[in-house]
Amino acid sequence: MEVLAHRILWSVVVLLAIIYLSKQFQKLRILFLNTKAVLFLMLSAILVSSNWLIYIWAVSNNMLTEASLGYYINPLISTMLGIMFYKDRPTLWQKVAIFLGFLAILYQVMSLGSLPLVSLGLGFSFAFYGYVRKKANVPSALGLTIETLLLFPFALGYFFYLEFTHTNMFIFPPDFISILLLLAGFITVLPLLCFNAATTRISLMHIGFFQYISPTLGFYLAVCIYDEPLSQEKLITFLFIWLALVIFSVDAYKNHKR
């Protein structure tokens, strides 16, 4: 919760600096008066903060492999949302890829006896976040600024609670942990600005395609750097997902070339 609070707090600082330097405060004020847009951004703020919290919890509890699986599933969920809500027309191979993703989850449930809740939570929360941001159709930096400003009072309140109970890890002058918490703002804002800019420009199918990079790096960190155990059942689940993504990617490449 403390890491989440700092992600929100320092994201607000970074974003307000961007808004100031780009002279967009007037546009920010006008957008705040747009009730419909603010309601969409309130929903997207809940979704993205839930995604952050699940991911932080997973990493803190040595579940980076499960987090990686969640972001592998996410492109398939984004594709499914594009089909359901934006009437994107899936090809036969895209249907096969989505079906393989479903089989991967079904296999894990049958082999391990439980749903991969962390993976599903991450995949669905971020896919729906992309969907809501596309519906909101607001500029990337302005939309993200309003999202974090809506979350800011809760984060600030929790920060003061930690200070009052003397359980805050953040100190001044900052030590190494405090510097990492400060950097959370930059690390949070940069990819989300790029993501939000993309959602208003390209289809959810293509957004899903470009999101393979993050879980691949996460999987590498989990297995090669942090030595998380990779059971045979989990590996088979990943193989199903990887096969689905290969089919999806080849099909997308052929369609793009055509």
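Summary table below
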{"read-out": "Of all residues making up segment 119-140, the number that are of a type in the set (A, V, I, L, M, F, W, C) and open to solvent by less than 20 Å² (accessible area, probe 1.4 Å)", "value": "5"}
{"read-out": "Candidates Asn34, Asn62, filtered to the one that is on the phi > 0 side of the Ramachandran plot and out of contact with any strand residue (DSSP E or B) (no Cβ under 8 Å at 6 or more places or on another chain)", "value": "Asn62"}
{"read-out": "Hits in segment 104-135 - residues which are modelled with pLDDT under 85, touching a helix residue (DSSP H, G or I) at 6+ places or on another chain (Cβ under 8 Å) and of a type in the set (A, V, I, L, M)", "value": "Ala104, Ile105, Leu112, Leu115"}
{"read-out": "Residue list for segment 168-180, filter: touching a residue at least 40 places away in the same chain (Cβ under 8 Å) and open to solvent by 50 Å² or more (accessible area, probe 1.4 Å)", "value": "Met169"}
{"read-out": "Members of segment 207-258 that are of a type in the set (D, E, K, R), assigned to a loop (DSSP other than H, G, I, E, B) and farther than 21 Å from Gly82 by Cα", "value": "Asp227, Glu228"}
{"read-out": "Residue count, segment 234-254 (criterion: at pLDDT below 80 and open to solvent by 60 Å² or more (accessible area, probe 1.4 Å))", "value": "2"}
{"read-out": "Single residue of segment 15-62 satisfying the filter (under 27 Å from Leu117 (Cβ atoms), aliphatic (A, V, I, L, M) and open to solvent by 80 Å² or more (accessible area, probe 1.4 Å)) that is farthest from the chain's Cα centre (by Cα)", "value": "Met42"}
{"read-out": "Meets criteria (in a helix (DSSP H, G or I) and farther than 26 Å from Tyr20 by Cα) for Leu162", "value": "yes"}
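Table: residues versus (1) without any contact (Cβ under 8 Å) to a residue 60 or more places away in the chain; (2) closer than 23 Å to Asn137 by Cβ; (3) part of a helix (DSSP H, G or I); (4) out of contact with any Lys or Arg (no Cβ under 8 Å at 6 or more places or on another chain).
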residue	(1), (2), (3), (4)
Leu151	no, yes, yes, yes
Gly157	yes, no, yes, yes
Ala184	no, no, yes, no
Pro191	yes, yes, yes, yes
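The values are calculated or read from the model by the stated rules, or taken from the named source; none is laboratory data. Predicted, not measured: the structure shown is a model, and the values here were computed from it. All Cβ positions, glycine included, derive from the backbone under ideal geometry; neighbour counts span all protein chains shown. Heads up: the accessible areas ignore ligands, DNA and RNA and are worked out on the full protein's heavy atoms, side chains in. Shrake-Rupley method; radii C 1.70, N 1.55, O 1.52, S 1.80 Å.
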